[in-house]
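The values are calculated or read from the model by the stated rules, or taken from the named source; none is laboratory data. Not measured: the values here are computed from a predicted model. Cβ placement follows ideal geometry from the backbone for every residue including glycine, while neighbour counts extend to all protein chains displayed.
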Amino acid sequence: MADLILRGISKEFGGGVRAVDSVDLTFANGELTALLGPSGCGKTTLLRMIAGLDTPTGGRILLGGEDITDVPAHARRFGMVFQSFALFPHLNVEDNVAYALAIAGMDKARRRNRARELLDLVQLADYASRRIGELSGGQRQRVAIARALAQEPRIFLLDEPMSALDAKLREDMQVELRLLQQKLGITTIVVTHDQREAMTMADRIVVMSAGRTEQVGPPQEIYNRPASRFVASFIGKANFLDGTVRDGAVETAGGVLHLDNPAPFRNGAPVSLACRPEATHVSTRSRQAGNEIAAHVTFIRDIGPNREVFLDAGNMPLICEMRGSESDDLAVGAAVFAHLPPEALLVFPGDQTGTAP
Amino acid sequence: MTVTGYTVSDGPDTGRAAPSLDWQQAGKLSGRIVFALLVTGLALIPFALVFAISFGQKIEGADWHWAFVVENYSRFFVGIAWPESVSFLYSQKLFYSFYYAAIAACLAVALAFPFTYLMTRQSRKLQAVWLVFLLSTVSLSEVFVVMGWDVLLSNRSGLPMLFRESGATAWLKETGWFQVLRDAGLANPRNVKFKTSTLATVVTMAYLVWPYAVILLYPALSRIDNSMIEAAQTMGAKPVTVIRTVVLPSVRIPIIGATLLLFVFLLGTYVTVTVFAAPAQQTLTISIYEAIRGATLNAPFGAAQAVVLLVTAGLCLLASGGLARWAEQRR
């Protein structure tokens, strides 16, 4: 199967609202890509245009060189799983799965066999004759996946497929869906606002904001080398410190912080520094090694094996994530030093006000 | 525990909970009594009265008196001269009652379905405008609607005149379709005619209840999950296939319900039938009115006809319900 290419795709609704703004993307064959972003960033609109359910107001959609921009949804052969699963309540599980095959005119015996195969694939072989109302949320999701796969789609699209599931089931299904996608090798696009979900499943993440792509890359690259303050704030947590550049270092309210590579900004330029909580170290004693900010503990939160220590560094809130055993000597109100290693500091232009909601 | 003069118990206070329970029970009981009184007063007593009168006896040249005779029913089913001769006149009227009502109800729902479906695809604002318009048309009485259709279908000023003046009648004669219309009772030797005809009767009846059909179908169609329609599209279904395989099955119960409701409602149509139906094809409703208030003045016989109409309609509804359940189980 060929790559799916979006060239300058835009979508403008009435009143001049631009939901998607000149998006250029290539979805490689067999890859799972997550469209990630906050509500209203245009990710679902983009997916719907790919599916043919919405028409772009600008740009072209190409599949293997063929321009499919004006091809209606029913002629694209793209399988789609909807947020609400959109199963047909008047049909049983098997008939739901076999719907696309019945529409295509396949004879009853063959489509029944194919439906059984797909139900077996999603581990619902014993549920073929059940009504949709008799299924749990997880089972419904599996039926929706099997149904979307029945027509052997050229592209597999999923619109927030886990949002209706509880937290535990969601994590299980993320792994299952990823394994299924790898088994079938089908080009897949998942829309999600959950960065953990995107990190778990995707080969590549497209971070979107205000109708535009902010960054495209593998999960680890997005996490470790965010391209903007928005991406740093949306993917995982980060401590942000505003300051100005002074001879390659950054002057903040807590003191001068040095970076591994001097900040590529002119002196006096306003910048934002970001440091991941797990890279921020807290100690009751100063290391005397620079890049330290005096603070006091305001709150301690246990999150499984780790702890999050919330600090106040002169009206600058900081979070540090550390192993539970390393934080035994910390208590609320204790005076501490937050160490932000130069290699862990990311610097962004100070006029990037965008942060994730 | 005492809080500023009030005693708040830490445990359950059964002594005070009991009266509130009694009040709840009393409330439920009084609700049931009111319901029973309403059903009795509004449905059972009038029906019992009609049922009792149907066994009464007509006094020739005068009123009627209470009795227990079955001659009104035998007259309905086999005619007044039975056993010397048999007449199915009233069974025929009963048939026409059901014939017109069934066709008109199906026609109204069939026309209302695509309209309502397309309406629910519009913006909320436009839907509200349509609904207000439809509700306002419901306020038109049957007399008013029939008057309009009477003008529209009249031979001198309505559609037949338009047919003649526009040359459509001549074209129909040339192409041979005129004879087809004549065979169907929709033309006289000179021009097309719609009065009196089954077509005019049924179309006017369907028009009468069409707004009700839209209003009955609207809630179900507006609640259809749009993602189901889109899901069907992504699985290869064209718009017509989506309606056939997703929309229609999703609202089959409201469709059946609306059809049955309109059917029962149309059984009582009076003005439309008197204006548009041929005298030999008039319904039981006309005959009932004539017996009770009209020319024949035979209240017991009118009551017997009403009872037969009601019981037959009830049996029809039961049969339809059974048929729907049977079809559901076969799915």
Somewhere in region A:275-292, is a residue more than 22 Å from A:E326 (Cβ to Cβ) and outside any strand (DSSP E or B)?
no
Can you tell me which residues in region A:126-139 are in a helix (DSSP H, G or I) and either more than 26 Å from A:T33 (Cα to Cα) or at pLDDT 95 or above (or both)?
A:D126, A:Y127, A:I132, A:G133, A:E134
Among the residues of region A:184-205, which ones are touching a strand residue (DSSP E or B) at 6+ places or on another chain (Cβ under 7 Å) and surrounded by 22 or more Cβ atoms within 10 Å (Cβ to Cβ)?
A:T187, A:T188, A:I189, A:V190, A:V191, A:T192, A:A198, A:M201, A:A202, A:I205
Which of the residues belonging to region B:263-288 are crowded, with 19+ Cβ neighbours inside 10 Å and without any contact (Cβ under 8 Å) to a residue 24 or more places away in the chain?
B:I288
Being more than 14 Å from chain B (Cβ to nearest Cβ), in a loop (DSSP other than H, G, I, E, B) and within 22 Å of A:L169 (Cβ to Cβ) is the requirement here; does A:Q123 meet it?
yes
Look through region B:218-231, keep the residues that are more than 7 Å from every other protein chain (Cβ to nearest Cβ) and aliphatic (A, V, I, L, M), and return whichever of them is surrounded by the fewest Cβ atoms within 10 Å (Cβ to Cβ).
B:I224
Checking A:G254 against (1) at pLDDT 90 or above; (2) within 24 Å of A:N315 (Cα to Cα), which single condition isn't satisfied?
(1)
Kindly provide the set of residues from region A:117-127 that are closer than 20 Å to A:G137 by Cα and surrounded by fewer than 20 Cβ atoms within 10 Å (Cβ to Cβ), ordered by number.
A:D120, A:L121, A:Q123, A:A125, A:D126, A:Y127
Take the residues of region A:98-108 that are more than 7 Å from every other protein chain (Cβ to nearest Cβ) and touching a Lys or Arg at 6+ places or on another chain (Cβ under 8 Å): which is farthest from A:G138 (Cα to Cα)?
A:M106
Entirely in region A:13-88, the strands (runs of 3 or more DSSP E) that have 3 or more residues that are within 14 Å of another protein chain (Cβ to nearest Cβ) and buried (at least 18 other Cβ atoms within 10 Å of the Cβ):
A:78-81
Pairs where the first residue, in region A:260-286, is among the charged types (D, E, K, R) and the second is crowded, with 16+ Cβ neighbours inside 10 Å, C-beta under 6 Å, 6+ apart:
A:R276/A:A238; A:E278/A:E321
Of all residues making up region A:149-165, the number that are buried (at least 20 other Cβ atoms within 10 Å of the Cβ), away from chain B (no Cβ under 11 Å) and under 17 Å from A:L118 (Cβ atoms)
2
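What about A:D95, is it more than 10 Å from chain B (Cβ to nearest Cβ) and either among the basic types (K, R) or not in a loop (DSSP other than H, G, I, E, B) (or both)?
no
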Can you say whether B:V251 is hydrophobic (A, V, I, L, M, F, W, C) and within 14 Å of chain A (Cβ to nearest Cβ), as far as the supplied structure shows?
yes
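Results for (1) exposed (fewer than 15 other Cβ atoms within 10 Å of the Cβ); (2) more than 18 Å from B:T272 (Cβ to Cβ); (3) over 23 Å from the mean Cα position of the chain (by Cα), shown as yes or no for each residue.
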site	(1), (2), (3)
B:Y117	no, yes, no
B:Q122	yes, yes, yes
B:L131	no, yes, no
B:S139	yes, no, no
B:F144	yes, no, no
B:G167	yes, yes, yes
B:L172	no, yes, yes
B:A184	yes, yes, yes
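Residue-wise test of (1) more than 25 Å from B:F51 (Cα to Cα); (2) modelled with pLDDT under 90; (3) more than 14 Å from chain A (Cβ to nearest Cβ); (4) within 15 Å of the chain's Cα centre (by Cα).
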residue: B:T234; (1), (2), (3), (4): yes, no, no, no
residue: B:V246; (1), (2), (3), (4): yes, no, no, no
residue: B:L261; (1), (2), (3), (4): no, no, yes, yes
residue: B:L267; (1), (2), (3), (4): no, no, yes, yes
residue: B:V273; (1), (2), (3), (4): yes, no, yes, yes
residue: B:F276; (1), (2), (3), (4): yes, no, yes, no
residue: B:I288; (1), (2), (3), (4): no, no, yes, no
residue: B:Q329; (1), (2), (3), (4): yes, yes, no, no
